Each structure stands twice: as C-alpha cells, then as structure tokens.
Amino acid sequence: MNSKMFQEPKAPVKLPVMEDVSSVLEAAKVSEEEITGCCFKGVFITKFDGKLLRFKKVAFENCKFIGCFFDEASFTDVRFKNCDFSNTSLTDVYFKRCSFQSCKAVGADFYGSLMRHVSFLECNLSDMNLDASRMSYVKIKDTNMEESSLSKCGLDNMDLHQVKFAGTSFFKTALKGVDMSDCDMDKIIISDGKEELRGAVLNMSQAIVCAKRMGIVIKEFETEN
C-alpha cells in the first residue's frame, strides 16, 4: 500500500459527549437523519436495532454493542477506541475513513461490508465473518483474526502486519499483491486448486508450507563441511 494515499478519519479530536444515547439513536431512526459531530462514551447497549443509521465525524470510546444490529448502516470519518461489537450484525455496512483501536468484534457479522481507508490496530476480530466484503486501503496491525472468514472478498491496497490468520478462510479470495510475510497463516482455508495464493507475498517458511500443500516435494541438500 502507498501509505501517502491512506486517509485517516476527518473528525475533531474533541467532540461533545452525548448523554442520553438511547434517545439520540431512537430519534435518528425515526427522522432518518445523520448522527454527526459527537462522541459516544461508556455506552452499553444490547440487541439494539440500528439498521440504516448513518454516522459522520463521530467517536465511540469504551462502548459495548452486544448482539446489536447495524445492518446497512454507514460510518464516515468515525473513530472507535476500546469498543466491543461481539456477536453484533453489521452486514452490508459502509465504512469510509474509520479507525478501530483496541476493539473487540468476536463473532461479529460484517458480511458484504464495504471498507475504504479503514484501520484496525490491536483488535480481537476472531471468528468474524467478512465474507463478500470489499476492502480498499485497509490497514490491519497486531490483530487477532483467527478462525475468521474472508471468503469471496475483494482486496485492494492492503497493509498487514503481525496479523493472526490461523484457521482463517480465504476461500476464493485473491491474495495477489498482498504482503502476508509477517502474519500467522497456519492452517488457513483455501480451495483445492490453491489459486488464492497466486501472487501473494510470503516469507520463505510460509512459501515452503504452501508448496507442500500443493503437493510439491522439497528436497533438502546436504552442505559440504
């Protein structure tokens, strides 16, 4: 990825904190107006239906949305810090210029989501569903994505560092040009033809493991003393 092209969230560092969060969210559902220019802090909500809600220039800090529904919502210029979206549904959601720092989304459903200029830093995204998502200019660093699913995804300009992909599915997701050389790719799930790995950037150890999965026999030569 060309780091100079990556765009950070365009939201003020200090934003007014919303007090009656439930009322704000419910009012936005009724009015269908965009929620903008505010901070949600210390919110704990379960099973809330926030379908089609729109957020712009908003910050979420220390919030928990457990088992909620934000399908077809949109987040533009939004920062998430120390938030928990475990088992929450965010299918077909639009993310543009968003950052997730120290967040948790275990078992969350991001199916069909569209991400543009999004970063995940020190997050736990294990068992997350990202199938059929389209990601462009996405940074993922020091993050756990074990047992997650990224099948049939469109990836472009990805920046991956120290990501745990152990047991993750990349079935029918082209990894051409994606540098995964310092990521954990143990037992990743791919198709029988291994086409997903064509053009991927791997380190030597990863390449050897992948070659063996393709049935290639690697002969070790003895070095002369």
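The values are calculated or read from the model by the stated rules, or taken from the named source; none is laboratory data. These figures come from a predicted structure and were not determined experimentally. No Cβ is skipped: glycine too gets one built from the backbone with ideal geometry, and neighbour counts run over all protein chains shown. All accessible areas refer to the heavy atoms of the entire protein, side chains included, with ligands and DNA or RNA removed. Shrake-Rupley method; radii C 1.70, N 1.55, O 1.52, S 1.80 Å.
Brief remarks follow.
- Among residues of the range 147-164 that are at positive phi, those with a Cβ under 8 angstrom from a residue that is charged (D, E, K, R), sequence gap 6+ or separate chain, pair up as Glu147/Asp127; Lys152/Asp131; Lys152/Lys172; Gln162/Lys141; Gln162/Asp142; Gln162/Asp182.
- Of residues in the range 4-26 being crowded, with 16+ Cβ neighbours inside 10 Å and touching a residue at least 24 places away in the same chain (Cβ under 8 Å), the one nearest to Phe95 (Cα to Cα): Pro9
- Condition met for Met1 (in contact with a strand residue (DSSP E or B) (Cβ under 7 Å, 6 or more places away or on another chain), in contact (Cβ under 8 Å) with a residue 40 or more places away in the chain and open to solvent by 80 Å² or more (accessible area, probe 1.4 Å)): no
- Any hit, the range 17-29, residues being under 28 Å from Met158 (Cβ atoms) and of a type outside the set (A, V, I, L, M): no
- Checklist (1) β-branched (Val, Ile, Thr); (2) open to solvent by 10 Å² or more (accessible area, probe 1.4 Å); (3) modelled with pLDDT of 95 or more applied to Val93, failing item: (2)
- Just one of the listed residues (Gly154, Gly177) is of a type outside the set (A, V, I, L, M, F, W, C), modelled with pLDDT of 95 or more and either within 13 Å of the chain's Cα centre (by Cα) or under 25 Å from Ser191 (Cβ atoms) (or both), and it is Gly154.
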